[in-house]
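The values are calculated or read from the model by the stated rules, or taken from the named source; none is laboratory data. Keep in mind that this is a model prediction, so the values were computed, not measured. Every residue, glycine among them, receives a Cβ derived from its backbone with ideal geometry; neighbour counts consider all protein chains shown. Surface areas here come from the heavy atoms of the whole protein model, side chains and all, with no ligands, DNA or RNA. Shrake-Rupley method; radii C 1.70, N 1.55, O 1.52, S 1.80 Å.
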Amino acid sequence: MKEKSIELLNKAVADELTAVHQYMYFHFHCDDQGYDLLAGLFKKTAIEEMIHIEQLAERILFLDGEVEMEASEKVKKIHDVKEMLKMAVEMEESSARDYNLWANECSANADSISKQLFESLVGDEERHFDQFDDEMNNMKKFGDNYLALQSIERSKNIATGGSAE
Ligand SMILES: [Fe+2]
Ligand SMILES: [Fe+2]
């Protein structure tokens with residue numbers, strides 16, 4: 001029974017590690033291209049996914065399991081901003097779906113603490129989904145101006161002595 005929870009928690013760790021790697025990769029590239037808003041959003045989200053790993057790991061250790069720190073996927077070398085947002089939206093959608101199912105599985109196995117953990121992660125992933133989805137809609141609405149504005153914002157910050165992310 002405990003083994004099933006440990007297995008699911010470790011699957012979540014693997015997906016969270018993939019998300020941390022992928023979002024940091026997107027962060028570097030957005031930063032390099034001068035898109036501060038998106039660079040900041042990817043970095044902030046990567047840090048939140050890292051905290052998810054910590055919460056999952058604490059639960060695994062409480063259940064006397066081993067934390068398998070293996071990412072489920074390799075980083076996809078995407079440089080196009082629209083493709084980045086599309087992937088991020090899909091990743092968040094699938095995390096929320098998996099964690100909902102895994103919360104139910106933990107509940108069926110009488111492990112209500114792991115169930116609660118998965119449920120709280122669903123809340124965070126849905127919020128991430130919403131943030132990436134909003135940016136994707138902005139991009140559709142404003143087209144190239146969306147990215148141009150971010151570059152101008154950076155130049156403005158530099159010119160007025162503000163700091164870039
Ligand atoms: Fe997460
Ligand atoms: Fe997320």
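For the chain, give the magnitude of the charge dipole about the Cα centre (Cβ charges: +1 Lys/Arg, -1 Asp/Glu; no others), in debye to the nearest 20. Mind showing how you got there, number by number?
Details: 18 positive and 35 negative charges, 99 e Å.
Rounded to the nearest 20 debye, it is 480 debye.
The separation of segment 1-38 from segment 42-96, counted between C-alpha centres, amounts to 2 Å. For the chain, the per residue solvent-accessible surface stands at 54 Å², with DNA, RNA and ligands left out and a 1.4 Å probe. About its Cα centre, the dipole of segment 54-131 is roughly 280 debye, where the only charges are +1 on Lys and Arg Cβ and -1 on Asp and Glu Cβ. Overall form of segment 62-112: oblate. Here a/c, set by the Cα gyration tensor axes a ≥ b ≥ c, is 1.5 or more, and a/b is not larger than b/c. By a straight-distance test (C-alpha under 22 Å), which lysines pair with Lys82 as possible cross-link partners, with residues fewer than eight away in the same chain excluded? Within reach: Lys43, Lys44, Lys74, Lys140, Lys141. Here Asp32 sits with roughly 120 square angstrom of accessible surface, probe radius 1.4 Å. Straight-line cross-link partners of Lys2 among the lysines, defined as a Cα under 19 Å from its Cα and at least 8 positions apart when in the same chain: Lys11, Lys115.
Decide, for segment 1-70, between rounded, prolate and oblate: order the square roots of the alpha carbon gyration tensor eigenvalues as a ≥ b ≥ c, take rounded if a/c falls under 1.5, and otherwise choose prolate if a/b is larger than b/c, else oblate. Prolate shape, in that a/c is at least 1.5 and a/b is the bigger ratio. Calculated FRET efficiency, Asp64 to Asp133, Cβ-Cβ distance, R0 = 35 Å: about 0.35 to the nearest 0.05.
When the solvent-accessible area of segment 1-153 is split by element, carbon and sulfur atoms take up 53 percent of it, the probe being 1.4 Å. Quick note on the chain: its Rg to Rh ratio, both from C-alpha atoms and Rh being the Kirkwood radius, is 1.06.
Summing charges over neighbours of Glu70, with a neighbour being any other residue whose Cβ is under 12 Å away from its Cβ, gives -3 when K and R count +1 and D and E count -1.
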